[in-house]
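Note sheet for the following structure.
The values are calculated or read from the model by the stated rules, or taken from the named source; none is laboratory data. All values derive from a computational prediction rather than experimental measurement. For neighbour counting, all protein chains shown are included, and Cβ atoms are generated from backbone atoms with ideal geometry for every residue, glycine included. In case anyone asks, the SASA skips ligands and DNA or RNA and just uses the protein heavy atoms, side chains included. Shrake-Rupley method; radii C 1.70, N 1.55, O 1.52, S 1.80 Å.
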Protein chains: 2
Amino acid sequence: MNVECHTGAVATSTLPVVSAPRSGASAACCAPLTRRPLSAEAATDLACTLKAVADPARLRLLSLVAAHEGGEACVCDLVEPLGLSQPTVSHHLKVLVEAGLLTRDKRGVWAYFAVVPEALNALAAVLAVPVAASAP
Amino acid sequence: MNVECHTGAVATSTLPVVSAPRSGASAACCAPLTRRPLSAEAATDLACTLKAVADPARLRLLSLVAAHEGGEACVCDLVEPLGLSQPTVSHHLKVLVEAGLLTRDKRGVWAYFAVVPEALNALAAVLAVPVAASAP
DNA sequence: TGTCGATATTGACAGGCGTGAATGCACCTG
DNA sequence: CAGGTGCATTCACGCCTGTCAATATCGACA
């Protein structure tokens, strides 16, 4: 497992989800995981994005940011409720941004983060099992 | 991060998804991640299940099993396409089973694995962003 | 310009995790 | 019963990662 996890695009495929917020939009937009085997490369990419989400601190960050007033929050809003140090929170936020799940908007001294719904929805779409997954 | 990741139930909440395949069904069945902050405990549980999925080998396993004839596959069907050793494949399968994402059915000498659609769908449901996540 | 406050980066450490070799176990078959 | 086969477990190793302390960077403001 030495994967780099570059930008955060998970098999961007050919059709972007909505309008590619950054470099590579988000998670595999239209590959229902089940149905047919993933290629090793596609699996690696998907795993990169999932790894970004598979952490309690980052899940709470996503949750906190989304639930925050205006749909955005700055680091100072997040440090206390998480109970982690500021550098650690900053680190997790960076991971989420690089995975395309969060956007960073620096206004003055503050950095405001907001969730990218398309990214989360794309992830959900990959995991979801289509109605007839095993019935050809 | 020292979390145990016991059975694989992610905040089973009160209403089971379909009929709890094992001990604790699967992933948080009805908590849209966004909307309101996750508790530390809920986040830990969710992360446990997500960690089980956030691995290239295990993603491919899920994919291979689901796409396999009959919707089930035994270890010997999976070792070669994955390119990993049999013990490693067995290890990954165990992780997926303990996360409630796969079922193990030992018939004679062979162990047949099948995906638990409810578990994957529940995971997807948690990640998906409801239509109006930031508009109260 | 100098200082303060908010955030990001670096360095270092401990623990977790993916991996394979070797081995054990259960079940079928002769 | 003996041998073989499919799968699980144990052990050990190395990389990855989450965390914090210390420090750097950048913008606001007097």
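Structure data summary
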read-out: Test set (1) of a type outside the set (S, T, N, Q); (2) open to solvent by 70 Å² or more (accessible area, probe 1.4 Å); (3) modelled with pLDDT under 95 - B:Val17 fails condition number; value: (2)
read-out: Residue that is nearest to the other protein chains (Cβ to nearest Cβ), among those in region A:69-94 that are within 8 Å of DNA strand D (Cβ to nearest atom) and crowded, with 20+ Cβ neighbours inside 10 Å; value: A:His92
read-out: Residue match in region A:37-47 (condition: within 8 Å of another protein chain (Cβ to nearest Cβ), open to solvent by 30 Å² or more (accessible area, probe 1.4 Å) and outside any helix (DSSP H, G or I)); value: yes
read-out: Any chance A:Thr103 is polar (S, T, N, Q) and under 30 Å from B:Ala66 (Cβ atoms); value: no
